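These notes concern the structure reproduced below.
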Amino acid sequence: MGLDYSYEIITPARNVVTALRKLTELAPRRDWRSPITVTLPGGEQVVLPFTSGFKGEPVDCSAGGRLSLDTSIMFGVDDAVRAYVEDRDPEVDEFGRVPIGYIYLTVLFAPPQHPRYASLEFMAATSGMSRLFARSAGVRAVFTDLAAASGGVCCLLDTESDTKDICWLDGRPVQETVPGPRFANYPALAATWPGQDR
């Protein structure tokens, strides 16, 4: 089996629509030719330049649960990204960004372990992309910037090891792990997020 590294952004549930709209700004322009409409919990709708299950039909998540999207995201070119795309002749946009392939996004609305929040997990499609997730500071910055722009409380990198890298916490980029010196486990990390006791 291949590697399935992923970035996870935790944001207040009310901010999911903001996160998805910010994500659309990272999509290649060509993907806007066949957008899909997603109905979120509470009935708000958002139009996204992605697919769900590689299909373009509307998606109804008004009852909550889970949203699965096949996304394509543009990244700035650092050394790791350049090495990853050098044989692919990628599309370069007006900001000098390139796509790196499909990234599978799963949004969990109000997961049981922290029901006032939503989880947006971006999983690499291949082992090579997984390694890129771990190596590229530019890729990491895209996800921490998305966490910041959507009011996220935390951003984690899961490399399928005994620890997860904490990339964003308390409104700033960090380099810590969970478990680690500051957080003994995931519940200890989650306990620091605001609004857990309401």
- segment 159-175, residues that are touching a residue at least 12 places away in the same chain (Cβ under 8 Å), open to solvent by 20 Å² or more (accessible area, probe 1.4 Å) and in contact with a helix residue (DSSP H, G or I) (Cβ under 9 Å, 6 or more places away or on another chain): THR159, GLU160, LYS164, ASP165, TRP168, GLY171, PRO173
- Task: Check whether at least one residue in segment 133-144 is exposed (fewer than 15 other Cβ atoms within 10 Å of the Cβ) and on the phi > 0 side of the Ramachandran plot, and report yes or no.
- Result: no
- Within segment 57-85, can you find the residues that are touching a residue at least 24 places away in the same chain (Cβ under 8 Å), surrounded by 13 or more Cβ atoms within 10 Å (Cβ to Cβ) and not small (Gly, Ala, Ser)? CYS61, LEU67, LEU69, ASP70, THR71, ILE73, MET74, PHE75, VAL77, ASP78, VAL81, TYR84
- Could you say which residue among PHE50, PHE54 is aromatic (Phe, Trp, Tyr) and in contact (Cβ under 8 Å) with a residue 24 or more places away in the chain? PHE50
- Message: Taking the condition of being modelled with pLDDT of 95 or more, of a type in the set (Gly, Ala, Ser) and open to solvent by 30 Å² or more (accessible area, probe 1.4 Å), how many residues in segment 86-127 meet it?
- Response: 2
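The values are calculated or read from the model by the stated rules, or taken from the named source; none is laboratory data. Just so it is clear, the structure is predicted and the values come from calculations on it, not from any experiment. FYI the Cβ positions are ideal-geometry reconstructions off the backbone, even for glycines, and counts take in every protein chain you see. Surface accessibility is based on the protein's heavy atoms, side chains included, excluding ligands, DNA and RNA. Shrake-Rupley method; radii C 1.70, N 1.55, O 1.52, S 1.80 Å.
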